[in-house]
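The values are calculated or read from the model by the stated rules, or taken from the named source; none is laboratory data. Every value quoted in this text rests on a predicted model; they were computed, and no experiment measured them. Neighbour counts run over all protein chains shown; Cβ positions are idealised from the backbone, glycine included.
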Amino acid sequence: MNRMEPISESLIIKEIKETIGFITLNNPRKYNALCATLLKQLIAALDEFKASNIPVVVIRAPESVKVWSAGHDISELPKTHRDPLGYENPLEIALRAIEEYPGPVIAMVHGSVWGGACDFVITCDMIIGDPSCSFAITPVKIGIPYNASGIMHFINRVGMNIAKEMFFTAQPVDAFRAEQIGILNHLVPTESLEAFTLDFAKTIAAQSSLSIAVIKEQFRILAESHPITPYAFEKIQSLRRKVYDSRDYEEGITAFLEKRKPEFKGE
C-alpha cells in the first residue's frame, strides 16, 4: 500500500511505501536549505509516523537533484551576540527528534550535503548513498562556533581524526571515501538507490520493532555517556561565546548573505 500526502505550501512530502515512511525534502528553490519551517514540518511528520507505528523512516531529497541539502538556512541565524546553535534551535530539535524516533531513521542520499545538513545526515541511524553523494561540514567557512553535541555526532560516527579533518578543512568527502571512513553504510549505483533502500528498510521492519526501539535507545544513551565536569561545560560555552560575539562571526554571516568571500581577522 502506497500513500502520498503532499501538503499545500509544504516543504516536505510524506509518503508510506509498504509500511516504510518516506520524508522527501521539498524546497528546491533554496536547495533544500534547513529553514525553521521545513524542520518543523519534518518533526511533525516524524511525530505522525511515530503515532502510526511506522517502524522505519527514510529521509531523502527529490530524485536527480545535485544538492541533497545546502545546510542550515544562514539567513535565519542571529547576526551576533547570540548562540546560533542553541538547544531550542529548530535544527537541534530536529536532530533530537531523529535520535529519539523509536525506529531506525535512514538517510538516502543522492547529491551533495553541506553544513548543518551534514550533521543532520550523520545523526541519522544509517546512511545509504550513490556515487553522486558527498558530505561537507562547513562552520569554519562562516565563522560559526559549532556546538559540542554536533561535534560528538561526528566523533561517534567517524572517529576523532576524521572528524577533525572534516571540520578543519570544510572540504567535501566524496562517496567512495565516505564509504571507506564509515559515513555510508552502503554505496550503491544511482539506478538502484531507491529500491535498495526500500528493501533494506523492509528487512529491518520485519524484525521486532520493540526490540529495535530498545536497542536504538541503548545506542543513544551509550553514545552520549561521555562524562563532563561543570567546569568543562562552562569552558566550552565560554569558548563558543568568544566566537559568536566576534567580528569574524558577524563578517562570516554578512559575507555569505552578500555572496562574497569573508575577510576573517581572528577577532
ask   = Of these, Lys14, Lys40, which one is at pLDDT 95 or above, crowded, with 16+ Cβ neighbours inside 10 Å and of a type in the set (Lys, Arg)?
value = Lys14
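For (1) charged (D, E, K, R); (2) more than 26 Å from Arg96 (Cα to Cα); (3) out of contact with any strand residue (DSSP E or B) (no Cβ under 8 Å at 6 or more places or on another chain), each residue gets a yes or a no:
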{"position": "Glu194", "(1), (2), (3)": "yes, no, no"}
{"position": "Gln207", "(1), (2), (3)": "no, no, yes"}
{"position": "Leu210", "(1), (2), (3)": "no, no, yes"}
{"position": "Glu217", "(1), (2), (3)": "yes, no, yes"}
{"position": "Arg220", "(1), (2), (3)": "yes, no, yes"}
{"position": "Glu224", "(1), (2), (3)": "yes, no, yes"}
{"position": "Tyr231", "(1), (2), (3)": "no, no, yes"}
{"position": "Glu258", "(1), (2), (3)": "yes, yes, yes"}
ask   = Just to be sure, is Glu179 under 22 Å from Val56 (Cβ atoms) and either assigned to a helix (DSSP H, G or I) or at pLDDT below 95 (or both)?
value = yes
message = Can you report the number of residues in segment 61-92 which are surrounded by 15 or more Cβ atoms within 10 Å (Cβ to Cβ), in contact with a helix residue (DSSP H, G or I) (Cβ under 8 Å, 6 or more places away or on another chain) and either β-branched (Val, Ile, Thr) or not in a loop (DSSP other than H, G, I, E, B) (or both)?
response = 10
ask   = Of the residues in segment 135-152, how many are assigned to a helix (DSSP H, G or I) and either among the hydrophobic types (A, V, I, L, M, F, W, C) or crowded, with 21+ Cβ neighbours inside 10 Å (or both)?
value = 7
query = Here are some residues: Glu224, Glu258, Glu165. Which one is surrounded by 12 or more Cβ atoms within 10 Å (Cβ to Cβ), out of contact with any helix residue (DSSP H, G or I) (no Cβ under 7 Å at 6 or more places or on another chain) and among the charged types (D, E, K, R)?
reply = Glu165
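Just name the residue that is surrounded by the most Cβ atoms within 10 Å (Cβ to Cβ) out of those in segment 193-211 that are free of Cβ contacts under 8 Å to residues at least 24 places away in the same chain and not in a loop (DSSP other than H, G, I, E, B).
Of everything passing the filter in segment 193-211, Asp199 is surrounded by the most Cβ atoms within 10 Å (Cβ to Cβ).
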query = Any residue at all in segment 215-225 that is within 20 Å of Tyr146 (Cβ to Cβ), aliphatic (A, V, I, L, M) and not in a helix (DSSP H, G or I)?
reply = no
